[in-house]
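Here the structure is laid out as structure tokens; the discussion comes afterwards.
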Protein chains: 4
Amino acid sequence: MVIIMNPEATLENINGVIQAIENAGLEAKIMEGAQQKIVGVIGDKTKMVTVAIDALPGVDHSVSISKSYKLASREFHPQSTVINVAGVKIGGDEPVIMAGPCAVESLEQVLAAAEIVKKGGAQFLRGGAYKPRTSPYSFQGLEVEGLKYLAEAREKTGLKIITEVTTVEGIEPVAEYSDILQIGARNMQNFGLLKEVGKCGKPVMLKRGLAATIDEWLNAAEYIMNEGNPDVILCERGIRTYETYTRNTLDLSAVAAVKHLSHLPIIVDPSHGTGKWRMIKPMAFAAIACGADGLMMEVHPNPAKALSDGSQSLTAENYLELMDGVKKLSKFMREENLNPLTI
Amino acid sequence: MVIIMNPEATLENINGVIQAIENAGLEAKIMEGAQQKIVGVIGDKTKMVTVAIDALPGVDHSVSISKSYKLASREFHPQSTVINVAGVKIGGDEPVIMAGPCAVESLEQVLAAAEIVKKGGAQFLRGGAYKPRTSPYSFQGLEVEGLKYLAEAREKTGLKIITEVTTVEGIEPVAEYSDILQIGARNMQNFGLLKEVGKCGKPVMLKRGLAATIDEWLNAAEYIMNEGNPDVILCERGIRTYETYTRNTLDLSAVAAVKHLSHLPIIVDPSHGTGKWRMIKPMAFAAIACGADGLMMEVHPNPAKALSDGSQSLTAENYLELMDGVKKLSKFMREENLNPLTI
Amino acid sequence: MVIIMNPEATLENINGVIQAIENAGLEAKIMEGAQQKIVGVIGDKTKMVTVAIDALPGVDHSVSISKSYKLASREFHPQSTVINVAGVKIGGDEPVIMAGPCAVESLEQVLAAAEIVKKGGAQFLRGGAYKPRTSPYSFQGLEVEGLKYLAEAREKTGLKIITEVTTVEGIEPVAEYSDILQIGARNMQNFGLLKEVGKCGKPVMLKRGLAATIDEWLNAAEYIMNEGNPDVILCERGIRTYETYTRNTLDLSAVAAVKHLSHLPIIVDPSHGTGKWRMIKPMAFAAIACGADGLMMEVHPNPAKALSDGSQSLTAENYLELMDGVKKLSKFMREENLNPLTI
Amino acid sequence: MVIIMNPEATLENINGVIQAIENAGLEAKIMEGAQQKIVGVIGDKTKMVTVAIDALPGVDHSVSISKSYKLASREFHPQSTVINVAGVKIGGDEPVIMAGPCAVESLEQVLAAAEIVKKGGAQFLRGGAYKPRTSPYSFQGLEVEGLKYLAEAREKTGLKIITEVTTVEGIEPVAEYSDILQIGARNMQNFGLLKEVGKCGKPVMLKRGLAATIDEWLNAAEYIMNEGNPDVILCERGIRTYETYTRNTLDLSAVAAVKHLSHLPIIVDPSHGTGKWRMIKPMAFAAIACGADGLMMEVHPNPAKALSDGSQSLTAENYLELMDGVKKLSKFMREENLNPLTI
């Protein structure tokens, strides 16, 4: 941390800042600029939490320099993490594909979707049994019944399951039926939920919050890891901006940023990221090309009858064509050793 | 809902849209424009939830016209709601003031803060016992111990208590000790929590999410009200924008918007809204002038030693001066009948 | 400027950074942290422009500490500036009101508007003769003809004139007919135009850009002042955010921020700031209460027939009622010495 | 346009709206919903510009349905436009690469950069002779001298030139020396400049504004085209969001959006889009994969000594490696007929 003093700060002010730093068990260093004095803090940053340095007299502002997460950081863990989910490697050489309907609507729908998903070559079936919806009057999901349909689809197809958990009480059933627990964007800073999935013993996919910075996102991963769960997968799903043509603005640069700052795998969701089925293919190709570890996409046997998010779902035909391209692209990049990331 | 067809949509496409609308038990009306056909939907909008209209062939896009919340809307309930909390009226003629430290740190700190808060003329003492923090390594609150300190301060000063609840398990203890349960910005769309506080039998203050639209915010209030709790107070606390000088951008126009769209009372929090103690007074004055029903502010006996958010906390001196102004301004506006809002 | 080195930066890297700083004629100071080394730069920051410090090997990132504007800063000019425009003081004790139609449409319209504006007690008539419009097919303004109508209205009413200039060629005619030249939001970083109005010898009102930071805004003012024109008035008119209920998000905290960082006067435009006539009164009251030096508002004799922005224009009746409130509020605050700003 | 009436709108209100529409020479159609009446407008939308419909009594709000640009729209011109610049096709099968330093600093620097750029296989040399900078004290460019250096580099290498024009007076010299005129992000809505480059007879590359919507961007292109210049190339360069890790948020979904809405070619600039040299390669790969017509990138013979934007510039080595990958990727996609866009 670096503390910038006001130009008119007195010697007494500076001594006050130094004392506050030393009281917190840290060391202070002064740097005299042309117009302003700067005080640097040496030592474990987390101790500074007890000092409201900006409220001290003479302080203009302070700038944080080191990161507040550790377990999630590449500095702490230089090698990229590969998570093995029932035999499927996430973060390895090949991209992992998670596809399926936004919401589980019926057994028939899930089985029909699973067949398409499987045919395209995906490893995971997605589908929400608990749906966080803006309005209380929108379809909220089939809950445990929906989880059972997903499990039945796994039985039939061999696909692994990923599904969202929205409450602490939901962790047990979701962990029972699902291979990965998904934390949705609206719950990215539901810290109670993060702590509990940190104890559930299953891999967790953490979607980026609607307007979360990359720093906040990695700190949210830290909450899960800090409870003993190292198997965290990140998922970029678009951020909220002023642009209204797309539902969200898919931030593909987050893939490169996360790969630089963290060792955790990162998946991209172009369905939520754009909100338009027509944009899923170009964004899926782009995600693979920039180094994402996989894709999450919405596929529905009949998008026009979907109970939620139909306009951002692929038909079977579109999905199969997309998957054909994704597989070719990813194979070519591996074979040609085209590495987009220098880390 | 209005559905805009592509210029090249066929008759078959339009019939498909009409049929989808009719299958949902609604009526369709067609309007032929110069370039494009438009289909209007007549009937209860919530039925449209089962139709993914944008995914139908020939559809360009659709536009939602009516609101998805009802209990929270002024259309449904034209008169402004006044909530009586143990004798204090929120949403009435006089602004209600909620002040106190960001976090409860010790009994001494709470009592010292309460004395200042009381002296300034506030009706509520605020203070967090459960703190949602970006980093798992930051101070997370004293929990039930902190609640007891708040209750002791109420005993000593007669101030009412408002404090945040962050988990479903926390509802019982918070409801036991606090007069109002606060839902923080990060939990505005934690729908499981919203439903449960909807059943707790105590008034709830719902802070606007970090990047929530006004529409999403009122829908979140609807979740609480839909469980039988009509006593919801809204709180504007700043939204996330590209500007970095302030911690958030305080959206005071939300006061006028909420007063127009809803009958619920609205409080403004200039401490979180700006993140700078120096800006609390101007923004508090502005909030009163534009018709807010009250203020929530951070006051700390010693901001420089606060365990969180010290730089956005007022000292006793600053708080008392601010309160003097707020009381004069609000009294003048009442006496002169200066009504900022036409609703 | 403070330069944060990578944890794995070598001694050679650090020496490279020091040398780059010294080559630019500045002094470097090193601070050794627990995990990272930091290099501080002492001296005139503007010299650093020749060093792309972030591109040097071993550098993690750099943080700018001092401001890049000087003439516009309060540090450089502690006393608040009062600008005298043909006898009207902007930045003095009383708020200045600028009102009138969005666009000049006809002589009759301007004269009718001017009469209303005058009756309400405003000092300035506004009205666009050159209109920057999103679409080339929208009404672009009456140009010089429009300027003449404004001048005729001044003749008749004694009101001063403020109108927008959008091109370098437009400066001469606008400066001939208008008392203040307005630079619109879309031109805030049209640096060629800024430099030229810096030489025009008339006061300039600089609106904040659609998505400009306060820092960029003050730097834009610096462009004008640096050409020898000290008479710059700032105008907050709302910033672009994700919220769609309002046309823009009026950032009233910018008033407090500008008053702290700069000595220049600041006006608030609640018409463009909200885009809804219903919200102008509450935001006007709020602007006065938080210390703005004045207001700019759209008033139209017949808003429903306005050629642009009718939905954000006040009728005569609404304007007069608003002005009554603004005058009472501002008089009360002066008399009671209610100062919202500590600077 | 669709006009949504208030639930309490009277018959008189509705008649007022109908009359306003008919007065503008358009036709009105009424649709009676369950709660609200809706009025549709049939006819040429541009006529509605004279009616401030939202200001009419009884109107809740209005929704625009058709686009306000025409020449730039794919509806008007279904085939993708290919622009031939001195033999180089932009918008054709192969991506076009524009590379070079942010600013022209000296003849030596430009020639050194051009050699690297050429070696990598780019067709265009970029480099700013007129630099729009936030601070008036930053390096503003070598102006005509800089243009001559660029022309000399063209002479020596055969590369075409693209350089920015920032003022109307600058159009003549820039058009004399450069093959394409670039309009920078800050000038995207400098309508006077747009109109003049619309008459210059040379192709224009229009960068997306800092916080411009896709709709505003295409309308800005319309300004240029409406003056008779059909040769407009769009350039996505990142938009302003709340995220601070990257300088801007590169919106690659804009490529898919523009390809769907318009026939104009679109280039991606990952240097400005991310602000970090390390992220240029992944974002360049992603841009090619999602169907961009080319790339604009900053390359500097010695980034650490660049007078501007060094931290977002590639070294020769990084650039050559990136170009190798881009060429392989793009060749593979062409050969395999991997089309990311369905348009």
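The values are calculated or read from the model by the stated rules, or taken from the named source; none is laboratory data. These numbers were taken from a predicted model, which means no experiment stands behind them. For neighbour counting, all protein chains shown are included, and Cβ atoms are generated from backbone atoms with ideal geometry for every residue, glycine included. Surface accessibility is based on the protein's heavy atoms, side chains included, excluding ligands, DNA and RNA. Shrake-Rupley method; radii C 1.70, N 1.55, O 1.52, S 1.80 Å.
Annotations for the structure displayed:
- Shortest-first nm distances, D:Glu22 label point to equivalent points in other copies (7 Å, Cα→Cβ): 3.2, 8.5, 8.6
- Folded to 0 to 90 degrees: helix D:280-289 orientation relative to chain D principal axis, Cα: 60
- With 10 Å bins from 0: P(r) over region A:126-215, alpha-carbon pairs, percent: 17, 49, 29, 5, 0
- Panel note: the C-alpha atoms of chain A, placed on their principal axes, show extents of 75, 47, 39 Å (largest first).
- Links that overshoot a 29 Å alpha carbon limit, given the list D:Lys195/D:Lys331; C:Lys67/C:Lys202; B:Lys207/C:Lys327; A:Lys160/A:Lys199: D:Lys195/D:Lys331; B:Lys207/C:Lys327
- Expressed as a fraction of 2.2 N^0.38 Å, the value expected for a compact globular protein of N residues, the C-alpha radius of gyration of the protein assembly as shown is 0.88.
- Estimated buried accessible area (total), pair A and B, 1.4 Å, Å² to nearest 100: 3800
- Ligands, DNA and RNA are left out, and with a 1.4 angstrom probe the accessible area of chain B is 34 Å² per residue.
- Across the accessible surface of region B:237-315, with the other protein chains kept in place and a 1.4 Å probe, carbon and sulfur atoms take up 47 percent.
- Sequence of D:Ser68, A:Ser178 when ordered by accessible area, the most exposed leading, probe 1.4 angstrom: D:Ser68, A:Ser178
- Based on every Cα atom in region B:38-142, Rg and the maximum pairwise Cα distance Dmax equal 23.7, 68 Å.
- At least 40 Å² accessible surface lost relative to isolated chain, residues of region A:270-289 (1.4 Å probe): A:Arg278, A:Met279, A:Lys281, A:Pro282, A:Met283, A:Phe285, A:Ala289
- Residues whose amide H falls under 5 Å from that of B:Arg74, counting only those 5 or more places apart or on a different chain, are B:Ser262, B:His263, with hydrogens built in the peptide plane.
- Principal axis extents of the C-alpha atoms in region A:247-319 (largest first, rounded to whole Å): 41, 21, 18.
- Teacher prompt: D:Glu155 distances to equivalent labels in other copies, 7 Å Cα→Cβ, nm: 5.8, 8.1, 9.1
- Sorted shortest first, the separations between the C:Pro78 label point and its copies elsewhere in the assembly read 5.3, 5.8, 7.3 nm; each point sits 7 Å from Cα along the Cα-to-Cβ line.
- Centre separation in Å (Cα based) which lies between region D:263-303 and region B:79-145: 50
- Taking the square roots of five times each eigenvalue of the Cα gyration tensor of region B:209-343, the equivalent ellipsoid has semi-axes of 25, 20, 14 Å, listed largest first.
- The mean sequence separation of alpha-carbon pairs under 8 Å and at least six residues apart, normalised by the residue count of chain A, gives a relative contact order of 15 percent.
- Helix A:214-225 and the long axis of chain A differ in direction by around 80°, with both axes built from C-alpha atoms.
- Fraction of accessible area attributable to carbon and sulfur, region B:142-223 (%, probe 1.4 Å): 45
- The residues of region B:303-331 occluded by other protein chains by 40 Å² or more of accessible area, set against the chain on its own, are B:Ala304, B:Leu307, B:Ser311, B:Lys328, B:Leu329; surface from heavy atoms, 1.4 Å probe.
- Carbon/sulfur fraction of accessible area - region A:29-141, other protein chains in place, 1.4 Å, %: 49
- In Å, descending, principal axis extents of the Cα set of region C:237-279: 33, 20, 10
- Cβ nearest the rotation axis (D onto C), residue from chain D and distance to the nearest whole Å: D:Ala211, 2
- MRE, 222 nm, helices only [DSSP H, n ≥ 4, -39500 (n - 2.57), over the protein assembly as shown, to nearest 500]: -10000 deg cm²/dmol
- Debye intensity ratio I(q)/I(0), log10, region C:199-289, q values 0.11, 0.12, 0.24 Å⁻¹ (C-alpha model): -0.32, -0.37, -1.19
- Degrees, to the nearest 10: C:316-335 long Cα axis against longest axis of chain C: 60
- Exposure of C:Phe76 as accessible area (Å², to 10), given a probe of 1.4 Å and all protein chains: 110
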